[in-house]
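Input: a single structure, listed below in structure tokens.
The values are calculated or read from the model by the stated rules, or taken from the named source; none is laboratory data. Everything numeric in this text was worked out from a predicted model, so none of it was measured. SASA here: full protein model, heavy atoms, side chains in, ligands and nucleic acids out. Shrake-Rupley method; radii C 1.70, N 1.55, O 1.52, S 1.80 Å.
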Amino acid sequence: MTELRIIHSSKTYAIENTQNDTEKQQKFGTPMHQTSSSGPQIPISPTLKTQGESLPACRRSNRAHEGLLGIATLLALLYHSNQTVRGFYALDALMLVTAFLATSNLIREQLEFGHINVEAYYSRTIKRYAPAAIFVLATTSLAILLVGNTTEKNESFPIVLATLGQFANWQQLLSGVPSWDSTTKIHPFAAMWTISLVAQFLIVLPLLFKFLWASSRNKLGLFTTYWLVLATVGASISPLLATTHTTERLYLGSDTHALPFLCGSLFATVSSLLQQRPKATPATDHKSSKSAVLWTGMALLAIFAIVVEHFLNEYVQKYPSGLIVICLGLGLLCLSLSMKTIYLHTFFGFPPFRALGSLSYEILLIHLPVFWALHTAFPTLSPITLLVYGGLATYALSNFAHFRITRLRFHKPWYEPRWNNWPLINLIATLLMTTTGLAIY
């Protein structure tokens, strides 16, 4: 085994290069370099030594998208702790960014190696999402069995089975369990429909990708056009369904939520298409500055549209029409952040945002069971107290689930004393603050 070092911008990247790359790729799937726990996985290209310049820019893009995931996760926590009535788009934002990153990963693999390894894709996806979900479902079910009321016990078992079968959104809709009402009616499994929606998309994505890529005859421009057609069809579904279906049906239906996934994939293909365009002349500082101003302006315009729609649309009854605006704004924002010439990488790559983004899946799984447990123990808990202590407990448990269950083989023991051992630091801080809060309460 030989080691190849690439030096770029005062940073050294070590890449292991073996003589049996082709055989290992066929046996184990596409080799990946994981830049972040929730960001896209970048295939290690044999030609990387001549393309080393793209790696730092890709790392900045990954961090920015991870920070965007963190912001959406924070909005979901604010909404589910009853701090705002305007947070019902947060879950759609999580879906769209997830679709953007997953599709970007598949496009890189296709362009680098000429095909995507579907078996390896499903293996990576199962290892990333299944362990934490099974852990949360099992522990929460046990807690409901011990301290839950009769209604919670009767409703939980079907939701658990439906979540494992990846159709919890339809089961929840047919059973009448609300997606969200208020903090006085918290159901520990009320967010599992989102997990099923994400799983449904991730299952279909590689198959749809291969079909569209084959239909486009390996032409990225035509491939992007196909995604545009699908996203346009998805945008037309919600307004049509709004005339014949209830708001709950629109909010839980897989057909309605196809739009954020399709938009995420569409803007991922557009990003790849723009970055694949050959450059006639080398980029100068002046051109880079103009490009940075352009993409930063587009990102700010997208943020403005998202914020305006967020504050104008107070009621979930207007969800179908507002979803189109949100998806277009978020898609444009993801596209802009994928460009290396943009001034917002530092803001969205802010470490606290990235910390939430890296744990977004675990937080989505754990936060409602934690809120339910606190509200069951302390029925008079105020919304802000629920957010503070529930959020801290959720963050600590999410760290445990991520580092000790999902990515156990990649990390040192969480209990090892180190100055940068964040799982242990978060756990100690959370226990201290929770103990203090309970004593005051």
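For the stretch 73-142, what is the per residue volume of the convex hull drawn over the alpha-carbon atoms, in cubic angstrom?
Hull volume normalised by residue count: 100 Å³.
Please work out the C-alpha center-to-center distance from the stretch 123-174 to the stretch 221-251 and express it in whole Å.
28
Could you state the accessible area per residue of the stretch 92-215 in Å², with a 1.4 Å probe and every protein chain left in place?
42
Using the Cα gyration tensor of the stretch 83-183, with a ≥ b ≥ c the square roots of its eigenvalues, what is the shape: rounded (a/c below 1.5), prolate (a/b larger than b/c) or oblate (neither)?
prolate
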